[in-house]
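Notes to accompany the following structure.
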Amino acid sequence: MDISFTPPRRVARWKWLLAFWGGISLVALIAFLTAWNTFFAYVPPGHHLVVIAKDGAPLPPGHVLAEPGQKGPLATVLAEGWHFVMPIAYERKLEPNTTIAAGKVGVVTALGGEALPAGEILADEGQQGIQRRVLPPGAYRLNLHGYKVEQKPATEIPVGYVGVQRRRVGRESDEAVIEADPNGRIAADRKGFLPTILQPGLYYINPYEYDVIPSEVGIFQTTFAKDDAANRLQVADSQLRTPITFTSRGGFPISVDCTVEWEVLPEDMPRLVAEYGSRSRIEENVIDLQTHAIGRDKGSEYGVLDLLEGVKR
């Protein structure tokens with residue numbers, strides 16, 4: 001006996017419907033993803049999105065970044081995440097964030113903005129030129145279509161030193177050190193040495209606005225002795241000075257070796273640096289001259305026996 005089985009027609013219909021709707025779903029998914037990627041932009045971590053308006057009012061003279069309604073790269077950038085951007089009206093550019101490394105300071109230059117007043121060098125927000133404000137270490141969503149960043153070493157004051165600050169910009173001052181007003185405020189528009197000092201540490205200072213001079217403070221010794229090999233083994237060349245010479249009360253020439261111990265207080269350092277420039281110049285122009293002058297003046301009051309016995313007769 002011959003037995004055969006014919007599957008129901010509804011099974012074939014079910015497969016056809018499954019294939020049909022599966023194809024429709026796939027086409028819809030592709031269309032949706034295409035539309036989504038056309039109108040939405042994803043910004044990954046560590047990046048930002050620059051949006052460029054293709055049409056709008058022209059930028060004012062001197063400006064390079066646009067505000068809403070103007071043509072050009074918009075000043076405000078978009079952060080991480082999904083964003084709707086109309087493709088017909090805007091162009092988009094994905095760019096990495098600006099990273100300032102540890103131990104560095106970021107000096108920002110605005111490529112556009114209002115022109116600086118005559119005589120000004122540093123710019124504030126909205127002005128074109130080197131910005132007064134600097135960027136400490138970190139990551140920043142900075143629109144590089146309108147800004148340039150230069151990384152400079154941060155100012156480090158080591159232990160045993162203080163930082164003497166000299167403002168490089170502003171109007172000239174007749175004073176060696178800019179004086180503060182009764183409220184302790186220092187004029188921000190004057191050039192010269194500041195009375196305030198920086199203690200040991202790391203500082204993020206605009207190098208175009210300030211020079212910082214690390215200056216050693218503490219107690220120092222200066223030796224006045226004959227310049228020979230024995231003395232050079234014990235004293236550094238820079239601290240070895242000529243012996244103190246004078247004429248005794250009896251008319252005899254006397255030469256005395258001695259060591260003078262002297263101290264520089266931190267609060268006095270701005271005025272000393274402004275007047276002499278460095279510790280070696282202080283040693284040369286103050287300690288050396290004063291020690292020889294005092295030795296001559298006081299030494300002439302003693303006779304030879306007084307000096308030998310250590311008792312003034």
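Summary of computed values
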| quantity | calculated |
| --- | --- |
| Cβ-placed point charges (K, R +1; D, E -1), dipole of the range 258-311 about Cα centre in debye, nearest 20 | 180 debye |
| Förster radius 25 Å - calculated FRET efficiency between residue 304 and residue 242, Cβ distance, rounded to 0.05 | 0.75 |
| Apportionment of accessible area to carbon and sulfur, the range 186-226, percent (1.4 Å) | 57 percent |
| FRET efficiency, 1/(1 + (r/R0)^6) with R0 35 Å, evaluated for residue 171 and residue 83 via beta carbons | 0.15 |
| Average accessible surface area per residue within the range 38-164, 1.4 Å rolling probe, Å² | 55 Å² |
| Built amide H within the under 5 Å cut-off of residue 114, gap 5+ | 127, 128 |
| The range 35-100 - percent of accessible surface contributed by carbon and sulfur, probe 1.4 Å | 64 percent |
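The values are calculated or read from the model by the stated rules, or taken from the named source; none is laboratory data. If you're wondering where the values come from, they're calculated on a predicted model, not measured in any experiment. Quick reminder, even Gly has a Cβ in these numbers, built from the backbone with ideal geometry, and neighbours come from all protein chains shown. For accessibility, only protein heavy atoms count, side chains too; no ligands or nucleic acids. Shrake-Rupley method; radii C 1.70, N 1.55, O 1.52, S 1.80 Å.
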